[in-house]
Each structure stands twice: as C-alpha cells, then as structure tokens.
Amino acid sequence: DITDRKRATDAVALLEDVGRQLTLSLDPTTILERVATVCAARWADWAAIDVLQEDGSLRTAAVKHSDPKKLESLVELRAYPRDPEAAFGPYAVARTGKSELYTEIPDELLVRGARDARHLELLRKLGFNSAMIVPLIAREQVIGTLTLVDAESGRRYTEKDLSVTEVLAVRTALAY
C-alpha cells in the first residue's frame, strides 16, 4: 500500500530530523523548541510541549503551528486554564504516563471541552481532526507531554503514528 509506505517513510524522516535537532544544542528550551518545530513541519499541523513543574502544574515550553498566521490563535487557545484533574488531555497523560490517541475529533467533543464561546471559536478556527498526547518520560519519570494535532491536512493519526511519536517523545525527554 502506497499510503503505508509513505507514512513509514515520513516516520523515518521525522525521527532522523528530530535526532539531528537533539544533537545541536544542550539548552533544554532550545531542544523543545526545535522538536516542536520539526513536529509541526513534518508530522502535525501544530505541536505543543508542556513541562511538568515541581508543584504538579504544566508549563507550556514550546508551541508551533505549521501556518505562522495561526500561531497567535494557538497561543491564545493554550493560555486558557486547564483542569489539573481532567480525565483526559495533557494533565491526565502527565498523571498516568499513558498516551492518548484521538483518531477523529468530532465537533461535539470540541463543544463539550470548550470553556466559553471564545474558547470554542478558537478550537473550531484552529481545527481538530485528529490528535495525540504522549508523555515525555525520562528515567521512569514523566517530565512533560507532547501534543500533536492534525487540522488542515486531513491526516488521521493511527496506532502506528502513536508508536512513532512515543519513540520521538522518549528521545526528546532523554535529551531534555
């Protein structure tokens, strides 16, 4: 199947590119920025990396969008307070250490998750077709999360994509 071969080729290219980026700096902030940039360019329409703080909160360390015109909306969306006790999303992934895969994201899920009308407007504007949230684990500890979202390209993440992203997350966490 040509689609499967293309996805496999894309996965290898992604891991090679991230591997290169991880060797170019020892600065943790730079590492996370570069990983998010590569992910948004090759594997997602937008990527965000959150780092676990000592108090258990998540701090956004990097956020990138493949369309620079949409970055401002993405930053505004990410500024909305998130529920640390949420049953799903970055906080749940950080708590459990288990990845989340959303092959399809219907509009009713956006409506349920919206905090207010502006939040829903941003969610719809940015588009959410498919998403993955993966823990960043180093030395058997969750140190953060990597969120990848497909919006415009129409890609639907699969279990294979999740496996690749989990490998990428481990490499990122160890370099961080």
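The values are calculated or read from the model by the stated rules, or taken from the named source; none is laboratory data. Owing to the predicted nature of the structure, the values given are computational and were not obtained by experimental measurement. A quick note on method: Cβ atoms are made from the backbone with ideal geometry, for glycine too, and the neighbour counts reach across all protein chains shown. What goes into the accessible areas is simple: the full protein's heavy atoms, side chains included, and nothing from ligands, DNA or RNA. Shrake-Rupley method; radii C 1.70, N 1.55, O 1.52, S 1.80 Å.
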Taking the full set of protein chains and a 1.4 angstrom probe, give the accessible area of Arg95 in square angstrom, rounded to the nearest 10. 130 Å²
Per residue, accessible area of the chain with a 1.4 Å probe, heavy atoms of protein chains only, in Å², comes to 53 Å²
Among the DSSP H helices of the chain, those whose Cα atoms extend at least 20 Å along the helix axis and whose mean Kyte-Doolittle hydropathy is -0.5 or higher are 2-23, 28-42, 159-175
Counting only protein heavy atoms and a 1.4 Å probe, tell me what percentage of segment 55-176's accessible area is made up of carbon and sulfur. 54 percent
Semi-axis lengths (Å, descending) of the ellipsoid that matches the C-alpha gyration tensor of segment 1-105: 24, 18, 15
Ranked by GNM mean-square fluctuation in the chain (Cα springs under 10 Å), the top entry among Tyr157, Tyr102, Tyr80 is Tyr80
Considering the alpha-carbon set of the chain alone, what are its Rg and its Dmax in angstrom? 15.3, 48
Let me check I have the definition right: for segment 64-151, take the eigenvalues of the Cα gyration tensor, multiply each by 5, take square roots. What are those semi-axes in whole Å, largest first? 23, 15, 13
Just how large is the dipole of segment 58-176 about the Cα centre, in debye to the nearest 20, putting +1 at every Lys and Arg Cβ and -1 at every Asp and Glu Cβ? 320 debye
Within segment 45-86, list the GluC sites (Glu not before Pro) lying in a DSSP loop whose Cβ has at most 14 other Cβ atoms in a 10 Å radius. Glu54, Glu85
Please report Rg (one decimal) and Dmax (integer) in Å for the Cα set of segment 1-55. 13.5, 48
For the Thr23, Ala86 Cβ pair and Förster radius 30 Å, calculated FRET efficiency rounded to 0.05 is 0.30
Candidates Val63, Val164, Val149; GNM for the chain (alpha-carbon contacts under 10 Å) flags as most fluctuating Val164
Counting each DSSP H run of 4 or more residues in the chain as -39500 (n - 2.57), what helix-only mean residue ellipticity at 222 nm follows after dividing by all residues, to the nearest 500 deg cm²/dmol? -15500 deg cm²/dmol
How many lysine pairs are close in the chain, with Cα atoms under 20 Å apart and the two 8 or more places apart or on different chains? 5
Could you identify which residue out of Lys69, Lys125, Lys98 has the top mean-square fluctuation in a GNM of the chain using Cα springs shorter than 10 Å? Lys69
